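Report on the following structure.
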Ligand SMILES: NC(=O)c1ccc[n+]([C@@H]2O[C@H](COP(=O)([O-])OP(=O)(O)OC[C@H]3O[C@@H](n4cnc5c(N)ncnc54)[C@H](O)[C@@H]3O)[C@@H](O)[C@H]2O)c1
Ligand SMILES: [Zn+2]
Ligand SMILES: [Zn+2]
């Protein structure tokens with residue numbers, strides 16, 4: 001089969017690989033019909049290379065048709081149409097029982113001290129071959145498949161793998177009071193969908209922030225207020241002025257570790273300035289690795305007693321945080337990889353609805369043959385050609 005593989009920083013290729021086979025009686029093999037590139041793949045593409053090996057198969061947003069099942073599989077059969085959650089979990093351990101599938105005790109990557117294994121997501125998450133490929137071996141397939149009906153196009157269901165549960169969890173964790181105000185930092189696929197989901201979950205007002213004009217326009221065209229970071233030297237001040245001087249009830253950070261530091265970087269500089277020199281310098285050096293501009297902005301923007309929900313991925317171990325402000329403002333901070341299966345029952349009715357309330361059918365900006373994945377990665381990373389969500393068709 002063909003598969004999208006990692007070869008080095010900004011170097012992905014489409015290579016020939018042996019088709020996967022059933023290795024455990026609880027496995028299934030799925031023929032992939034549509035798969036997508038995620039903002040999380042961009043971290044592997046650019047900054048997480050120490051944890052990647054040449055030849056790793058990428059991808060964690062796959063769907064397709066079950067081709068073959070192991071002897072223990074009872075819930076899916078060849079021919080079923082399925083979407084795979086980006087994490088691999090068992091459904092029966094203590095953590096899965098709490099809806100914390102990303103902490104699954106059966107698949108935790110203990111050698112690395114990490115949570116549940118993820119498809120196509122580096123040594124840190126178990127080096128499991130990913131879904132940007134012709135076929136995918138799905139471990140514990142009775143639990144790690146979401147059956148969807150025949151009929152509607154793949155785009156209707158594909159985002160159950162990641163974008164939808166991630167946005168749903170981001171907003172649920174933000175805990176916006178009914179009619180309250182939410183600021184969403186970053187309007188990539190996750191931030192854009194978080195705005196749409198916030199309305200579904202009852203937010204009264206949503207303000208989106210990014211720096212890419214096409215992304216701002218796309219969110220504005222669905223009726224949301226948007227701010228271009230580049231136009232606001234003091235973003236938090238602007239947002240306070242828009243919210244009775246108080247700030248929003250909650251902020252979703254849908255940016256993560258590769259934030260562009262324009263305005264909010266000032267906060268980082270100020271913080272570095274109040275730290276002892278050695279720490280401040282170390283922080284400045286580190287800023288290139290784990291860029292914290294969005295997180296600092298979130299801390300500045302959210303109202304006192306409000307909630308910050310991080311869906312953007314962070315990877316630093318010693319990132320300096322403004323504890324004085326976090327503590328004094330009594331900020332609540334929630335975060336993590338999305339627990340896909342926890343949210344599927346909330347999401348299925350929305351994607352099954354032919355009115356398509358979340359606008360998933362035309363959510364993608366590009367649909368390319370798998371062979372063109374390297375081009376897809378490049379335009380998505382550089383934000384060229386209006387690339388917002390790139391789908392790949394094996
Ligand atoms: N928690 C999870 O389970 C989960 C799942 C999927 C993705 N993610 C993470 O969510 C984040 C977003 O993913 P995506 O697919 O939308 O990717 P993306 O890279 O397309 O989106 C990030 C957006 O943030 C914008 N941005 C950069 N710096 C900014 C700043 N300082 N302020 C405001 N906006 C800024 C960028 O212009 C871009 O539009 C990534 O970190 C990704 O790893 C997490
Ligand atoms: Zn993803
Ligand atoms: Zn489990």
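The values are calculated or read from the model by the stated rules, or taken from the named source; none is laboratory data. The model shown is predicted, which means the values in this text are computed figures rather than measured ones. Positions of Cβ are backbone-derived with ideal geometry, glycine not excepted, and every protein chain shown enters the neighbour counts.
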Q. Can you find a residue in the range 66-86 that is within 13 Å of ligand 3 (Cβ to nearest atom), crowded, with 24+ Cβ neighbours inside 10 Å and assigned by TED's automatic domain parsing to the domain that holds residue 29?
A. yes
Q | Members of the range 214-237 that are within 18 Å of residue 203 (Cα to Cα) and in contact (Cβ under 8 Å) with a residue 40 or more places away in the chain | A | 222
Q | Extreme residue, modelled with the lowest pLDDT, among residues of the range 116-134 that are more than 15 Å from ligand 2 (Cβ to nearest atom) and surrounded by fewer than 24 Cβ atoms within 10 Å (Cβ to Cβ) | A | 123
Q: Evaluate the range 231-252: report whether one residue or more is within 16 Å of ligand 2 (Cβ to nearest atom), surrounded by 19 or more Cβ atoms within 10 Å (Cβ to Cβ) and under 28 Å from residue 143 (Cα atoms).
A: no
Q) Among the residues of the range 367-394, how many are more than 16 Å from residue 62 (Cα to Cα) and not in a helix (DSSP H, G or I)? A) 6
(Q) Here is a list: 95, 52. Which entry is more than 30 Å from residue 388 (Cα to Cα) and in contact with a helix residue (DSSP H, G or I) (Cβ under 7 Å, 6 or more places away or on another chain)? (A) 95
Q: Could you grab me the full set of residues in the range 197-221 that are out of contact with any helix residue (DSSP H, G or I) (no Cβ under 8 Å at 6 or more places or on another chain), within 12 Å of ligand 1 (Cβ to nearest atom) and in a loop (DSSP other than H, G, I, E, B)?
A: 212
Q) Out of all the residues in the range 162-193, which are closer than 15 Å to residue 350 by Cβ, more than 9 Å from ligand 1 (Cβ to nearest atom) and in contact with a helix residue (DSSP H, G or I) (Cβ under 7 Å, 6 or more places away or on another chain)? A) 164, 168, 171
Q) Is it true that some residue in the range 63-81 is within 16 Å of ligand 2 (Cβ to nearest atom) and within 16 Å of the chain's Cα centre (by Cα)? A) no
